[in-house]
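J.: Got a structure here, written out as structure tokens. Questions coming.
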Amino acid sequence: MTEQAVSISVEAPKAQGGVSTWKRVLRYTLVRSIMLLVTVVVGVYLTVLIANMGGHVDEIRRAMIRESVAMRFQNDPTFKALPPEARQKRIEEEVRRLERRYGLDKPFLVRSFVFLSQALSLNLGRAENMTSDSGSRQVRLIILERLPPTLFLFGTSSLIIFFLSLFISLHLSRNYGSLLDRIFVSLSPLSAAPGWFYAIFLIAIFAAWLKILPFGGMISTPPPETRWEYALDVAKHLILPIGAQILSALFIGVYSWRTFFLIYSSEDYVEMAKAKGLPPRAIERRYILRPTLPTIITSFALALISVWLGQIIFETVFDWPGIGRTYYQAIQVFDTAVIVGITVIYAYLLAITVFLLDIIYAIVDPRVDVGGPRATV
């Protein structure tokens, strides 16, 4: 009887502690989700306001509607035969009809919240001026059509840059002060320039001067007939864009990771592991890579999430048919639906990534306690 009472008294606090831990994690998850949702809502609404220039785009659309109606009626013989008052009345009726059709009869403040609710529910609607290659005005189809080229280009370059930076920086941290280490440190300022800056020089050298690589685009015109030739042609068009991305990001990435690895390799526990005679690879894996794993995961996740948005100037310079170039075209023609559609998808992806990173931190690093500090005994 006494042993049973003791076992109950011991197990009860454990169970209570487990319940409180789960409550803390659930509370943290709920609060974190609400905060990220509020951030997404604010960001998307600001995008709606900026894309419409605070309502000025509506005035531009009204003027364009009036101009198109007037030009269409000018070529109608029956319209010319009407008295001036009747002609003006007919123009005004047609203008009001088109304004109601496009929702311009409502105040911009009301329409902005309609835009917001549709965007948050991923009801992206129809584009006003842009179309997909198939002729559709559905924003969803426009984005889905332009997304694969962006994912292909920036996904490939991001993975190459990430793993090259990681492995080269590990090698440099093992050989601190070597000739190769000094070369990479001295070349790190090259990453201060954006990718499109190097793109211009690479195009001038390899396309305009040497004429060995294409100026831009994703495929030659006309496209190759066989699948093998098509793949080789796409790979040829990838060389200059990926080269420009590597020049703009590799050296600073190597320098940053090298610094992280050097800091952790000088810790006391690393020196103790060396004194115990552990192999260098085991020390590197357990005591250098593992503490930097949260930072590595963050860098990798944010690199992948940036792949979805592309780069406006970079894709324009290379005439790459991706999301970034589509974004630029949408800004040029004031196509609010496409601008908001691309932004809201990116905002959702970024919020989900940030939320998942908090959970991943707790998995890879036991020092992280999700939802609050650890309970002290």
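The values are calculated or read from the model by the stated rules, or taken from the named source; none is laboratory data. Please read these numbers as outputs of a predicted model, since none were measured by experiment. Glycine also receives a Cβ, built like all others from the backbone with ideal geometry; neighbour counts cover every protein chain displayed.
J.: Is there a residue being in contact (Cβ under 8 Å) with a residue 60 or more places away in the chain, in a loop (DSSP other than H, G, I, E, B), outside the structural domain of PHE318 (by TED's automatic domain parsing) and within 32 Å of the chain's Cα centre (by Cα) anywhere in segment 129-149?
T.: So in segment 129-149, the residues in contact (Cβ under 8 Å) with a residue 60 or more places away in the chain come out as 129-130, 139-140, 142-143, 146-147, 149.
The next check asks that each one be in a loop (DSSP other than H, G, I, E, B); those that pass are 129-130.
Now narrow it down to the ones that are outside the structural domain of PHE318 (by TED's automatic domain parsing): 129-130.
If we keep only those that are within 32 Å of the chain's Cα centre (by Cα) as well, we get 129-130.
Scanning segment 129-149 turns up at least one residue that is in contact (Cβ under 8 Å) with a residue 60 or more places away in the chain, in a loop (DSSP other than H, G, I, E, B), outside the structural domain of PHE318 (by TED's automatic domain parsing) and within 32 Å of the chain's Cα centre (by Cα).
J.: Among PHE73, PHE115, which is over 22 Å from TYR327 (Cα atoms), of a type in the set (Phe, Trp, Tyr) and part of a helix (DSSP H, G or I)? Reasoning before the result, please.
T.: Working: PHE115 fails: over 22 Å from TYR327 (Cα atoms).
The match here is PHE73.
Every residue, every condition in (1) under 13 Å from the mean Cα position of the chain (by Cα); (2) more than 18 Å from LEU122 (Cα to Cα); (3) at pLDDT below 85, yes or no:
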{"residue": "TRP308", "(1), (2), (3)": "yes, no, yes"}
{"residue": "GLN311", "(1), (2), (3)": "yes, yes, yes"}
{"residue": "ASP319", "(1), (2), (3)": "no, yes, no"}
{"residue": "TYR328", "(1), (2), (3)": "no, yes, no"}
{"residue": "THR336", "(1), (2), (3)": "no, no, yes"}
{"residue": "ALA362", "(1), (2), (3)": "no, yes, yes"}
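J.: Can I ask one more? Restricting attention to helices (runs of 4 or more DSSP H) lying wholly within segment 260-370, give those where 2 or more residues are assigned by TED's automatic domain parsing to the domain that holds GLY217 and within 30 Å of PHE215 (Cα to Cα).
T.: In segment 260-370, the matching helices (runs of 4 or more DSSP H) lie at 293-307, 312-317, 323-332, 336-364.
J.: Name the single residue that is farthest from ILE313 (Cα to Cα) among those in segment 164-217 being among the charged types (D, E, K, R) and free of Cβ contacts under 8 Å to residues at least 60 places away in the same chain.
T.: ARG182
J.: Right, something else. Looking at ARG126, ARG140, ARG146, which one is surrounded by 13 or more Cβ atoms within 10 Å (Cβ to Cβ) and at pLDDT below 85?
T.: Values: ARG140 fails: at pLDDT below 85; ARG146 fails: at pLDDT below 85.
Within the list ARG126, ARG140, ARG146, the selection yields ARG126.
J.: What number of residues in segment 149-163 are within 16 Å of THR316 (Cα to Cα) and β-branched (Val, Ile, Thr)?
T.: So the count comes out to 1.
J.: Now for a separate question. If only one of LEU172, LEU151 is surrounded by 14 or more Cβ atoms within 10 Å (Cβ to Cβ) and within 18 Å of GLY253 (Cβ to Cβ), which one is it?
T.: Checking each option against the conditions leaves just LEU172.
J.: Checking ALA63 against (1) part of a helix (DSSP H, G or I); (2) of a type in the set (A, V, I, L, M); (3) surrounded by 11 or more Cβ atoms within 10 Å (Cβ to Cβ), only one condition comes out false. Which one?
T.: With (1) part of a helix (DSSP H, G or I); (2) of a type in the set (A, V, I, L, M); (3) surrounded by 11 or more Cβ atoms within 10 Å (Cβ to Cβ) applied to ALA63, the lone miss is (3).
J.: For residues that are touching a residue at least 24 places away in the same chain (Cβ under 8 Å) and either among the polar types (S, T, N, Q) or in a helix (DSSP H, G or I) (or both), tally how many sit in segment 76-108.
T.: Summing the residues that are touching a residue at least 24 places away in the same chain (Cβ under 8 Å) and either among the polar types (S, T, N, Q) or in a helix (DSSP H, G or I) (or both) in segment 76-108 gives 6.
J.: Just one of (1) under 30 Å from LEU37 (Cβ atoms); (2) surrounded by 11 or more Cβ atoms within 10 Å (Cβ to Cβ) trips up VAL110, so point out which.
T.: Answer for VAL110: the failing condition is (2).
J.: Next question, about the same structure. Looking at segment 204-227, is at least one residue under 19 Å from SER158 (Cβ atoms) and not aliphatic (A, V, I, L, M)? Can you show your working first?
T.: Restricting attention to segment 204-227, the residues satisfying the condition of being under 19 Å from SER158 (Cβ atoms) are 218.
Now narrow it down to the ones that are not aliphatic (A, V, I, L, M): none.
No, segment 204-227 has no match at all.
J.: Quick check on segment 95-128: of everything there that is among the hydrophobic types (A, V, I, L, M, F, W, C), in contact with an Asp or Glu (Cβ under 7 Å, 6 or more places away or on another chain) and assigned by TED's automatic domain parsing to the domain that holds THR47, which residue is nearest to ALA51 (Cα to Cα)?
T.: Among those residues, the one meeting the criterion is PHE108.
J.: Only one of PHE163, PHE201, PHE206, PHE184 is buried (at least 18 other Cβ atoms within 10 Å of the Cβ), aromatic (Phe, Trp, Tyr) and assigned to a helix (DSSP H, G or I). Can you tell me which? It would help to see each step written out before you state the result.
T.: Details: PHE163 fails: buried (at least 18 other Cβ atoms within 10 Å of the Cβ); PHE201 fails: buried (at least 18 other Cβ atoms within 10 Å of the Cβ); PHE206 fails: buried (at least 18 other Cβ atoms within 10 Å of the Cβ).
The match here is PHE184.
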